[in-house]
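Below is one structure, written out as structure tokens; the observations come after it.
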Amino acid sequence: MAYPLHEKPLTHERSYPSSSGSTPLEDPIPKPRGEANRLYNLQSATRLREDRFLEICASVQALIATHLDLALCFTKQESAAVDIVCNEATKQYPCLGNFKYDWVMHDLIKLELKRTNQIVQ
């Protein structure tokens, strides 16, 4: 099956067990075209309230610091480590299962790794 570039399945894809009893949407929300915070605002694209989005971001930042190598970009990370971050975040926030091919998690990880890499340099 051919996918447009912005909807291409990524290697860090998995199913989302729901810890709160809610299930992911039958039709997951597709990724907007372009790059987060360049061509679209990530928070607006998620349709989450600002306080909820910031809560998720803080949790994801902690997971990234624990499981990923902050000196490496997203594409250089171990796939298993990215899966752990995505799975743990989705267990805490089942709403993250509503986004096609984990694009919100991948964007959050990419943005955080970019930010921390700039601080290190």
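A few notes on this one:
- With all protein chains kept in place, the per residue accessible area of segment 47-96 amounts to 55 square angstrom at a probe of 1.4 angstrom.
- Calculation over all alpha carbon pairs of segment 25-91 in 10 angstrom steps from 0 returns a P(r) of 18, 40, 40, 1 percent.
- Heavy-atom SASA rank of R115, R49 (probe 1.4 Å, accessible area, largest first): R49, R115
The values are calculated or read from the model by the stated rules, or taken from the named source; none is laboratory data. Given the structure is predicted, the values throughout are model-derived calculations rather than measurements. Just the protein is used for accessible areas: all its heavy atoms, side chains included, with ligands, DNA and RNA removed. Shrake-Rupley method; radii C 1.70, N 1.55, O 1.52, S 1.80 Å.
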